[in-house]
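Take a look at the structure set out below.
We did not get these values from a lab; they are worked out from the coordinates using the rules stated. As the structure is a computational prediction, the values presented were derived from the model and not from experiment. Ideal geometry is used to build each Cβ from the backbone, glycine not excepted, and the neighbour counts take in all protein chains shown.
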Amino acid sequence: MSFLGIDLGTSGLRALLVDETGAPIGSTERHYDVSHPQSGWSEQDPADWIAALDEAVSELKAAFPQFAGLKGIGVAGHMHGATLLDDAGKVLRPCILWNDTRSHLEAAELDATDQVRSLSGNIVFPGFTAPKLEWVRIHEPDVFDRVAKVLLPAAYLNFYLTGDHVADMSDSAGSSWLDVGERDWSDVLLDAGHMRRDQMPRLVEGSEVAGVLRADLAARWGVDGSVTVAGGAGDNAAAACGIGALNEGQGFVSLGTSGVLLAARDGYRPAPETAVHTFCHAVPGRWYQMGVMLSATDSLNWLSQITGKSPQTLSKALGKNLRLPGKVRFLPYLSGERTPHNDADIRGSLTGLGAETTTEDLTQAVLEGVAFGLRDSFEALKATHATLDRLIAIGGGTASEYWLELIATVLDIPLDLPAEGEFGTALGAARLGILAATGAIPEHVITAPVVGRTVQPNKEITVEFQIAYEAFRAAYPAIKSVQ
């Protein structure tokens, strides 16, 4: 038997084929573009996701005979995206993505509406789905009037795979339409956003059966017998499944396009005033909380574009030994910020520049700014009484040894790195496919990886970084006051 995990990311799709134990057989990736028609806008054509999936499956089918024994599929996707379908199942407009901030006014109005925070468990951020539909209602009424279903990106792939409109709890929790404590659509929240229950997909847990692979796809893919499609998950819930974070005290820090610090929780403990996200986990009866910064590796990518040097080159130029905090300060708010500020309008800054400032100084400032942004999320999580004594580090940014030691030092906790490489979200999706297809117990499948090595905080300079972090925190009100 084999199982397929699909990670539908912002910039590309990864498909991971595993065996019944969850061990990787093979993987492949496909990439696609993001459109930015106006400042603060971020859109994608769902047809690109389908094309990427079809190409990835064709490659896996040709390369690995085990693909013919496919029994289960799990899909994880970037959260909050609004994929709008008409009554014939056709996409009405490009999907508005998680990092799109056009609906900040609509988000503020919904957030101030009675019962919205108490039922959803969260601030209504501009990136969430409900304010996007409010924006469409106001600015594109002809489109809004034709909306028969709203699907998140992962749910849209589930629709392609099964022909059914179905979504999981973890992804739907980021819509501002779900009662996160009750794990069901809320009529109060839907009414607040001028939506109806019939426009929502059917809800299942991420580890439950969402449907079966369409017969025409099964024939084209050359698979034997019925293939179960799991409910799947939002990308961060799937990543938590990939690294075994199910229980209190378990979590990860992710250095991807955005920066995420996630803690699994053994109960529902919303704290919207902290700007921490409180969402359903991908398995029944569990939740998780996370702090999110919008520009993590995106900040280093920005500096790469400015300097004409690759992110790897910039990072390696700093050497192996962690430096004392630099004189140049970077606020990593290139696209606004979520935790802890909930500010779509704020933008980044570089201060402390002088004639002597070098590219290395700028790189150090960017890496430190992102580390301090993650510390903001760490402090916000601690305010909810989450206890994290160590974290697993995942994401593309973990390729930088300097950045890892810096983050460990700024957070003052050890960071563990998996021994067998990092499949993260795709592995978590595959594990959900295993659970749905086999009925296995989640704790038997969603296990922690073998730790290859641990990056310890540099205790000799934690005090200096604490002082630098306090200065970073003090800089936000100052830059906000001049914008």
For LYS327, which lysines qualify as cross-link partners when the Cα separation must be under 24 Å and same-chain residues fewer than eight apart are set aside?
LYS309, LYS316, LYS459, LYS480
Convex hull around the C-alpha positions of segment 241-382: the volume in Å³ per residue is 127
Using mean Cβ contacts within 10 Å as the protection proxy, how do 294-304, 38-48, 339-349 order, highest first?
294-304, 339-349, 38-48
When Lys and Arg each count +1 and Asp and Glu each count -1, what net charge do the other residues less than 10 Å away from LEU406, Cβ to Cβ, add up to?
-2
Which of the lysines could a cross-linker span from LYS90 if the Cα-Cα distance has to be under 20 Å and same-chain partners fewer than 8 positions apart are dropped?
LYS132, LYS149
³J(HN,Hα) across segment 386-400 via Karplus (A = 6.51, B = -1.76, C = 1.60, θ = phi - 60°), whole Hz, x for Gly/Pro?
6, 10, 10, 8, 7, 9, 8, 9, 9, x, x, x, 6, 5, 8
Report the Cα centroid-to-centroid distance between segment 21-38 and segment 200-271 in angstrom, as an integer.
15
Nearby aspartates and glutamates by direct alpha-carbon distance to LYS320 (threshold 16 angstrom, same-chain neighbours under 8 apart not counted)
GLU360, ASP361, GLU368, GLU401, GLU405, GLU460
Quick one: net charge around ILE138, please, counting Lys, Arg +1 and Asp, Glu -1 for every other residue with C-beta under 13 Å from its C-beta.
-3
Using packing as a proxy for protection, rank 209-216, 267-274 so that the peptide with the highest average count of other Cβ atoms within 10 Å comes first.
209-216, 267-274
Computed ³J(HN,Hα) along segment 362-370: with the Karplus parameters 6.51/-1.76/1.60, θ = phi - 60°, integer Hz and x for glycine or proline, the list is 5, 4, 4, 5, 5, 5, 5, x, 5
antiparallel share of DSSP beta bridges within segment 2-236, to nearest 5, in %, is 65
Report, to the nearest 10°, how far helix 425-438 tilts away from the longest principal axis of the Cα atoms in the chain, using its own Cα long axis and a range of 0 to 90°.
30
Given H placed on each backbone N at 1.01 Å, which residues far from ILE73 in sequence or on other chains put an amide H within less than 5 Å of it?
LEU4, THR228, VAL229, ALA230
Run the helix sum for the chain: -39,500 (n - 2.57) per DSSP H stretch of 4+ residues, divided by residue count, reported at 222 nm to the nearest 500 deg cm²/dmol.
-10500 deg cm²/dmol
Rounded to the nearest 10, the angle in degrees between the Cα long axis of helix 129-139 and the longest principal axis of the Cα atoms of the chain comes to 80
If one computes the Cα centroid of segment 298-318 and of segment 39-67, what distance in Å separates the two points?
28
For GLU208, the residues 5 or more places away or on another chain with a placed amide H closer than 5 Å to its own amide H are GLY231, GLY232
Per residue convex hull volume, Cα only, segment 2-236, in Å³ is 110
Percent relative contact order of segment 88-196, based on C-alpha pairs within less than 8 angstrom and at least six residues apart?
28
Once both axes come from the Cα atoms, what is the angle between helix 46-63 and the longest principal axis of the chain, in degrees from 0 to 90, rounded to 10?
80
Residue-wise HN-Hα coupling along segment 240-248, computed from phi with Karplus coefficients 6.51, -1.76, 1.60 (Hz; x: Gly, Pro):
4, 5, x, 10, x, 8, 10, 10, 3
Could you work out how far apart the two model spin labels at ASP191 and ALA112 are, taking each label as a point 7 Å from the Cα in the direction of the beta carbon, and quote it in nm?
2.1
Test of understanding: ordering SER226, SER400, SER172 by Cβ neighbours within 10 Å, fewest first, what list do you get?
SER226, SER400, SER172
Given N residues in segment 164-217, what is its alpha carbon radius of gyration divided by 2.2 N^0.38 Å?
1.25
What whole number of Å gives the distance from the Cα centroid of segment 78-103 to the Cα centroid of segment 112-132?
17
Stick to Cα atoms and the Kirkwood definition of Rh, then tell me Rg/Rh for the chain.
0.96
